[in-house]
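Shown next, in structure tokens, is the structure this report addresses.
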Amino acid sequence: MIRTIVALLAVAGLVTAEEKPAAKSVLVHAVIFTMKEGTPEKMVDEVIADCHKMLGKIKSVRSLKAGRPTKEKAEPVTTTGYHIGMVILVDDFAGLKAYLEDPIHVEFVKKYGKYFDISKLKVYDFTDDK
């Protein structure tokens, strides 16, 4: 899990998204997507683009970062065996639930879920305990 979080932090800097003012506490929703065998490579770019275009519009999302794994490994423990990393910041658990239940998120899952290898999907939710 630590390796995955390290990889997520590397991915988070790949693509800049507009950030909305956040509350004092922040909940981080991190997702690692691996595509099913045979999925066209262009689909990865399409998913990343729609992470920003679609999911970034959801009201409870304060910040969204999405991209491919880095080509170079900063540390031997860095994991790159996935296709897309995404990190979303929301204010709290209610904001996460609102994000997950938002019709835009439901549409995104319906549009792209068939391309994801669900057995390899990783989701990490944690609070930023400053």
Over 23 Å between Cα atoms: which of K24/K111; K73/K111; K65/K111 fall into that group?
K24/K111; K73/K111
Taking only the alpha carbons of region 62-130, what extent do you get along each of the three principal axes, in Å, biggest first?
37, 37, 19
List the lysines whose Cα sits under 21 Å from the Cα of K71, skipping any in the same chain fewer than 8 residues away.
K36, K42, K120, K122
Using Cβ counts within 10 Å as a stand-in for footprinting exposure, how do I84, I118 rank, fewest first?
I118, I84
Pick out, in residue order, every one of the GluC sites (Glu not before Pro) in region 58-126 that is DSSP loop and has at most 11 other C-beta atoms within 10 Å; say none if there are none.
E72
Multiply the residue gap between K110 and F93 by 0.36 nm, knock off their C-alpha separation, and tell me the result in nm, one decimal place.
3.8 nm
At a 10 Å Cβ-Cβ cut-off, how would you order S63, S25, fewest neighbours first?
S25, S63
Between D117 and A74, the two model label points (7 Å from Cα along the beta-carbon direction) sit apart by a distance in nm of 2.5 nm
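Each value in this text was obtained by applying a stated rule to the coordinates, not by laboratory testing. Since this is a predicted model, take the numbers as computed values, not measurements. Here Cβ is always computed from backbone atoms with ideal geometry, including for glycine, and neighbour counts include all displayed protein chains.
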